[in-house]
1. Scan the range 1-15 for residues that are free of Cβ contacts under 8 Å to residues at least 60 places away in the same chain, assigned to a loop (DSSP other than H, G, I, E, B) and open to solvent by 70 Å² or more (accessible area, probe 1.4 Å) and jot them down.
2. When you scan the range 107-121, do you find a residue that is without any contact (Cβ under 8 Å) to a residue 12 or more places away in the chain and more than 18 Å from E142 (Cα to Cα), even just one?
3. Looking at (1) in a loop (DSSP other than H, G, I, E, B); (2) more than 14 Å from the ligand (Cβ to nearest atom); (3) under 16 Å from the mean Cα position of the chain (by Cα), which one does P97 not meet, given that it meets all the others?
4. Here is a list of conditions, (1) open to solvent by less than 30 Å² (accessible area, probe 1.4 Å); (2) small (G, A, S); (3) in a strand (DSSP E or B), and S41 meets all of them except one; can you say which number that is?
5. Which of the residues belonging to the range 44-77 are out of contact with any strand residue (DSSP E or B) (no Cβ under 7 Å at 6 or more places or on another chain), under 19 Å from E120 (Cβ atoms) and either more than 9 Å from the ligand (Cβ to nearest atom) or part of a strand (DSSP E or B) (or both)?
6. Taking the range 27-38 on its own, how many of its residues are more than 14 Å from the chain's Cα centre (by Cα) and open to solvent by less than 40 Å² (accessible area, probe 1.4 Å)?
7. Against the condition within 11 Å of the ligand (Cβ to nearest atom) and either in contact (Cβ under 8 Å) with a residue 60 or more places away in the chain or hydrophobic (A, V, I, L, M, F, W, C) (or both), how does F85 come out, does it pass?
8. With F148, F85, F153 as the choices, which residue is within 12 Å of the chain's Cα centre (by Cα) and of a type in the set (F, W, Y)?
Amino acid sequence: MSDIGADVLRMTMSRFATGVAVVTTIVDDEPHGMTVNSLTSVSLDPPLLLVSLMSGARTTDAVSRAGAFAVSVVSSRQEGIARRFARGGTDHFAGLPLEYGRHEVPVVPDALAHLECTTEQEIPAGDHVLYLGRIVRTCTREGEPLTFYSGSFGEFSPRDHGRINWFF
Ligand SMILES: Cc1cc2nc3c(=O)[nH]c(=O)nc-3n(C[C@H](O)[C@H](O)[C@H](O)COP(=O)(O)O)c2cc1C
């Protein structure tokens, strides 16, 4: 057992403000999805991203079986979607219009961005599994992002100090 408890770690990491996304996939014609904020850009060439999904969660098992998943970056108007896909044990897709990307993986309609991936590597990591996804298709649309900080959803307010060179 680690010296650092789950509550302390959760609270400490919650000081890192993030965006919010939904990871979706489909297995045996059944769509699955969960809200995540562990989304990380990994590599430009080849194009890779990473998500960290809790071992044993329905979506985690489904992503492993499908070998493909999509990431939908949630807009500030989609807090309801973020809450819906974070609720355990419910049918996350009930009553939602489904939109399908390449590989027939469902995506969240009207999201700020879609990133469709095939699983490049699956790495067990403690009580989570890291999925390195090779990005095969993207699209973006205009809008404001939903943010997550210290357990609360919020919005992004840019400062008017000029854009910075963020190509790294
Ligand atoms: C803002 C936010 C971010 C989250 N990020 C993650 C994450 O990165 N990885 C994860 O495994 N669960 C994350 N969760 C929890 C899952 O969304 C939640 O456990 C979900 O119910 C899992 O769905 P499933 O069991 O149907 O797969 C997050 C929840 C919220 C509200």
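1. M1, S2, D3, I4
2. Checking the range 107-121: at least one residue is without any contact (Cβ under 8 Å) to a residue 12 or more places away in the chain and more than 18 Å from E142 (Cα to Cα).
3. It is condition (3) that P97 fails.
4. Among (1) open to solvent by less than 30 Å² (accessible area, probe 1.4 Å); (2) small (G, A, S); (3) in a strand (DSSP E or B), the lone unmet condition for S41 is (1).
5. L44, D45
6. Result for the range 27-38: 2.
7. Values: within 11 Å of the ligand (Cβ to nearest atom): yes; either in contact (Cβ under 8 Å) with a residue 60 or more places away in the chain or hydrophobic (A, V, I, L, M, F, W, C) (or both): yes.
Yes, satisfied.
8. F85
The values are calculated or read from the model by the stated rules, or taken from the named source; none is laboratory data. On a predicted model such as this, the values are computed, not experimentally measured, just so you know. For neighbour counting, all protein chains shown are included, and Cβ atoms are generated from backbone atoms with ideal geometry for every residue, glycine included. Accessible surface areas use protein heavy atoms only, side chains included; no ligands, DNA or RNA. Shrake-Rupley method; radii C 1.70, N 1.55, O 1.52, S 1.80 Å.
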